[in-house]
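Report on one structure; see the data block that follows.
The values are calculated or read from the model by the stated rules, or taken from the named source; none is laboratory data. This one's a predicted model, so the numbers in the text were calculated from it and none came from an experiment. Glycine also receives a Cβ, built like all others from the backbone with ideal geometry; neighbour counts cover every protein chain displayed. When the accessible area is computed, the model is the full protein with side chains, heavy atoms only, and any ligands, DNA or RNA have been set aside. Shrake-Rupley method; radii C 1.70, N 1.55, O 1.52, S 1.80 Å.
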Amino acid sequence: MSATRYTYLGPEGTFTEAALRTLPEAATRELVPMVSVPAALDAVRNGEAAAALVPIENSVEGGVTATLDELASGEPLMIYREVLLPIAFALLVRPGTELSEIKTVTGHPVAQPQVRNWLRKHLPDAVWESAASNADGARLVREGRFDAAFAGEFAAATYGLEALVTEIHDAENAETRFVLVGRPARPAAPTGADKTSVVLWLGDDHPGALLELLQEFAVRGVNLMLIQSRPTGAGIGNYCFAVDAEGHVADRRVGEALMGLKRICPKVRFLGSYPRAGVAVEDVRALRRGTSDGEFMAASDWLARAQDGRA
C-alpha cells in the first residue's frame, strides 16, 4: 500500500481538492485526482492509496448518494475525519465571453440546486447539462463544449478560464462535508466531540420497523445528526439507512446502542468514529441524566450485585 498517496474526486480544481488541501498532512502526501467517487475509494480498497477524500453531504442538497452507496457496499472502509468547506461558485468562461453569449452551462449535479435561482434570474434560457465534477465542467468549457461552468473560482487558473461572476450561491452559508476514508482499523481515541457513522439494514418491512432502530439510540440518549434511506438494490421497498450519531463507539451509550442494533438488524456496517469538524469539546451539549459512561458503569455494577444476591 502507498502510505503517502491520497486520492480525491478530481480532476484538479475541485472543491474536494480544496478541502483536502486544508488537512495538514496533505502537504506531505501525493494527491491524486480520480474520475469518480468509486474510483477514489477503490484505490484505497486495492492498496493504491492510503486514504481518499470524498464529498458525503451538502447543506443544500443533502447526502451525496454516490459516496453513501459506495460506503454501504463492497469491501468495508472506514471514515477517519471530516472536513467542512464553505461553498460559493464562480461562473467560469473562456476569456472574452460576455454573459449575454452564454447559452449552455455545466457543473456537478449537486451544484445545480445551489445556483438554480441565480440561473433563473440571470441566464433563464441557458441549457444545463451535468458534468462528472465542477472542475471537469471547467475542462469542458476550455475545450469549447460548453459556454460556462459553475466551479470554484480557484479552478479558473488551472483551466485557462476567467471568473465572469463570483460568489454565486442561492443559500447563505452553504457548505459541503467531506470525509477522509481509509482501510478499517482501530478508531482514534475519543476527543469528547465525536461522531459515529453506521449503515443499518432493516430485517423486514413491518409497522414501526424504523422506529425500532431509532429507539436503540433514543433510550440511550444518543442524538442523531443524519439519517438517510438508500435502496439496497434488492427490490422496491428494501432500504438501508445511513446514520450519523453524536458520540464515539467507545462511549458506553453509543456502544450499547450499536449492540442493540446488531441484535435486531440483519446487517450493521460500522463506518467509524471520528472528531466532528469545527466543534470544540466545550460546545458539545451536556449529556442527559443517566447516559454518561459513569452512570452506565454504575448500573452494570448494580446488576452484578443483584445477580450475586448483594443488591
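Counting only heavy atoms of protein chains, what accessible area per residue, in Å², does segment 161-266 have with a probe of 1.4 Å?
Working: 5180 Å² over 106 residues.
On a per-residue basis, segment 161-266 sits at 49 Å².
Of the accessible area of the chain, computed with a 1.4 Å probe over protein heavy atoms only, carbon and sulfur atoms account for 51 percent. Amide H to amide H distances under 5 Å link Ala277 with Glu82, where only residues 5 or more positions off or on other chains count and H is placed in the peptide plane. Go through (i) 1.10; (ii) 1.15; (iii) 1.35 and flag the label whose value is the computed Cα Rg over 2.2 N^0.38 Å for this structure. Computed from these coordinates, Cα Rg over 2.2 N^0.38 Å corresponds to label (ii). For Thr104, the residues 5 or more places off, or on other chains, whose built amide H falls under 5 Å of its own are Val127, Asp147, Ala148.
All distinct Cα pairs of segment 196-311 go into the 1/r average, and the inverse of that average, the Kirkwood radius, is 15.7 Å. Taking all protein chains as shown and a probe of 1.4 angstrom, Ile227 keeps an accessible surface of around 80 Å².
Please identify the helices of the chain, taking whole runs of DSSP H, that span at least 30 Å along their own axis as judged from the Cα atoms and have a mean Kyte-Doolittle score of 1.0 or higher. Before the final figure, lay out the partial values.
Values: long enough: none.
None pass (Cα extent of 30 Å or more, hydropathy at least 1.0).
Using the Karplus relation 6.51 cos²θ - 1.76 cosθ + 1.60 with θ = phi - 60°, the per-residue 3J(HN,Hα) values for segment 280-286 come to 8, 4, 5, 8, 6, 5, 5 Hz, with x marking Gly and Pro. Taking the DSSP beta bridges in the chain as the whole, what percent of them are antiparallel, to the nearest 5? Counting DSSP beta bridges with both partners in the chain, the antiparallel share is about 75 percent. Label sites at Asn238 and Glu30, each approximated as a point 7 angstrom past Cα along Cα to Cβ, lie 4.0 nm apart. Distance between the pseudo-spin-label points of Arg183 and Ser73 (7 Å out from Cα toward the beta carbon): 2.4 nm. A simple rule links phi to the HN-Hα coupling: the Karplus curve 6.51 cos²θ - 1.76 cosθ + 1.60 with θ = phi - 60°, which for segment 174-180 gives 5, 8, 10, 9, 10, 10, 8 Hz, with x for Gly and Pro.
Ordering Thr97, Met34, Tyr239 by Cα displacement along the dipole of the chain toward the positive end leaves Tyr239 in first place; charges were set at the Cβ atoms of Lys, Arg (+1) and Asp, Glu (-1). Between Ala298 and Thr166, the contour length at 0.36 nm per residue exceeds the Cα-Cα span by 41.8 nm. On alpha-carbon atoms, Rg over Rh for segment 30-167 using Kirkwood Rh? That ratio equals 1.01.
Which order do His122, His248 take when ranked by solvent-accessible area (1.4 Å probe, heavy atoms of all protein chains), largest first?
His122, His248
With Cα atoms defining each centre, segment 1-59 and segment 218-239 are spaced 27 Å apart in the structure.
Subtracting the Cα-Cα distance of Asn223 and Arg116 from their residue separation scaled by 0.36 nm leaves 35.2 nm.
Under 5 Å between amide hydrogens, built in the peptide plane, is the criterion, and for Lys267 it picks out Trp201 among residues at least 5 positions away or on other chains.
In this view, the solvent-accessible surface of Lys262, computed with a 1.4 Å probe and all protein chains in place, comes to about 120 Å².
Using heavy atoms of the protein chains and a probe of 1.4 Å, the accessible area assigned to Glu282 is about 150 Å².
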